[in-house]
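Student: Input: one structure, supplied below.
Quick note: the coordinates plus some simple rules give every number you see, no bench work behind them. All figures in this text were calculated on a predicted structure; none of them were measured in a lab. Methodologically, a virtual Cβ is constructed for each residue, glycine included, from the backbone with ideal geometry; neighbour enumeration extends over all protein chains shown.
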Amino acid sequence: MTRPVRIAVQLQPQHGDYAQIRATAVRAEEMGVDIVFNWDHFFPLSGDPGGKHFECWTMLGSWAEVTERVEIGALVSANSYRNPELLADMARTVDHISGGRLILGIGAGWFQRDYEEYGYEFGSAGTRLTALRDALPRIESRWERLNPPPTREIPILIGGGGERRTLRYAARHADIWHGFGQPDVIRHKNRVLDQWCAGEGRDPGEIERSCGANPLKPETGDGLVAAGANLITLSFDGRTGYELSPLADWLAWRDQRNRG
């Protein structure tokens, strides 16, 4: 099966006002994007570290109400910040609010300041990955027991490129895998994920492959698709006023690719 190319935007909730972020989510939908993501942090990751910032999941509840067509989600939620059963219930609730448009993006977590200032144990990369491994089946199990259940099988997006653990968890649980890097890196990681799928008895074609790209360089899209990606995410934040004009060229490229 050849998947269509999809375009997502990540509206990083830093250095802007919420009214501006909300309006940009609506504008992105009007322009024709497929998915609108935010991220799950408590402080800016770039620019002024003390700049404006907003929380992920309450924002997703708002987006579920103000949009109508696009899928929405976090790229990605940090597993460490919420009990897995609670996260499953939050996801199920936003799924219902949105009419079945939520993607549950999840990863092991990495930004030490988030942990320290909000009172979470940072631990090590290994302990955080073990926690992610243990959380994923708990989330899936909780969805089966909630009343009402989710409106659909909520897609799970797993972010990260660790070849020994993260990609193995993606082979077991993910509907979408999101990686980082240039096309040669994405190509290599996709091959590793395919190998893990073989070991887990999973059809690798069931997992959509995702990566980020420079919003100003739509000419890079063909190389990313050749490397195995078909979901491409472009990031924007408040430092540029959530200016989406570069998105138009990417959407035109997507439509031309999908027309064949």
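Student: Could you tell me how many of the residues in segment 202-219 are assigned to a loop (DSSP other than H, G, I, E, B) and either within 13 Å of residue 181 (Cα to Cα) or within 19 Å of the chain's Cα centre (by Cα) (or both)?
Tutor: Total satisfying the criteria: 3.
Conditions tested, residue by residue: (1) assigned to a strand (DSSP E or B); (2) touching a residue at least 60 places away in the same chain (Cβ under 8 Å).
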position: 221; (1), (2): no, yes
position: 228; (1), (2): no, no
position: 233; (1), (2): yes, yes
position: 245; (1), (2): no, no
position: 249; (1), (2): no, no
position: 257; (1), (2): no, yes
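Student: Could you tell me which residue of segment 63-88 is nearest to the chain's Cα centre (by Cα), considering only residues that are within 18 Å of residue 238 (Cα to Cα) and either in contact (Cβ under 8 Å) with a residue 60 or more places away in the chain or not in a strand (DSSP E or B) (or both)?
Tutor: Keep residues of segment 63-88 that are within 18 Å of residue 238 (Cα to Cα), which gives 63, 74-75.
From what is left, the residues that are either in contact (Cβ under 8 Å) with a residue 60 or more places away in the chain or not in a strand (DSSP E or B) (or both) are 63, 75.
On the way: 63: 15, 75: 3 Å.
That would be 75.
Student: Has segment 31-38 got at least one residue that is surrounded by 21 or more Cβ atoms within 10 Å (Cβ to Cβ) and farther than 22 Å from residue 247 by Cα? So that I can check it myself, show each step before the final result.
Tutor: Our first condition is that a residue be surrounded by 21 or more Cβ atoms within 10 Å (Cβ to Cβ); within segment 31-38, this holds for 33, 35-38.
Right, trim to farther than 22 Å from residue 247 by Cα and you get none.
Among the residues of segment 31-38, not one is surrounded by 21 or more Cβ atoms within 10 Å (Cβ to Cβ) and farther than 22 Å from residue 247 by Cα, which makes the answer no.
Student: Additional query: For residue 126, which of the numbered conditions (1) in a helix (DSSP H, G or I); (2) surrounded by 13 or more Cβ atoms within 10 Å (Cβ to Cβ) fails to hold?
Tutor: With (1) in a helix (DSSP H, G or I); (2) surrounded by 13 or more Cβ atoms within 10 Å (Cβ to Cβ) applied to residue 126, the lone miss is (2).
Student: Moving on. Can you go through 194, 175, 184 and tell me which one is touching a strand residue (DSSP E or B) at 6+ places or on another chain (Cβ under 8 Å) and of a type in the set (Asp, Glu)?
Tutor: Working: 194 fails: touching a strand residue (DSSP E or B) at 6+ places or on another chain (Cβ under 8 Å); 184 fails: touching a strand residue (DSSP E or B) at 6+ places or on another chain (Cβ under 8 Å).
Criteria check complete, one pass: 175.
Student: Please state which one of 157, 193, 167, 216 is surrounded by 16 or more Cβ atoms within 10 Å (Cβ to Cβ) and over 17 Å from residue 79 (Cβ atoms).
Tutor: On the way: 157 fails: over 17 Å from residue 79 (Cβ atoms); 167 fails: over 17 Å from residue 79 (Cβ atoms); 216 fails: surrounded by 16 or more Cβ atoms within 10 Å (Cβ to Cβ).
It is 193.
Student: Go through the residues of segment 89-101 one by one and say whether even a single one is in contact with a Lys or Arg (Cβ under 8 Å, 6 or more places away or on another chain), more than 25 Å from residue 36 (Cα to Cα), in contact (Cβ under 8 Å) with a residue 12 or more places away in the chain and crowded, with 19+ Cβ neighbours inside 10 Å.
Tutor: no
Student: Would you be able to tell me the number of residues in segment 15-62 that are assigned to a helix (DSSP H, G or I), within 18 Å of residue 233 (Cβ to Cβ) and touching a Lys or Arg at 6+ places or on another chain (Cβ under 9 Å)?
Tutor: 2
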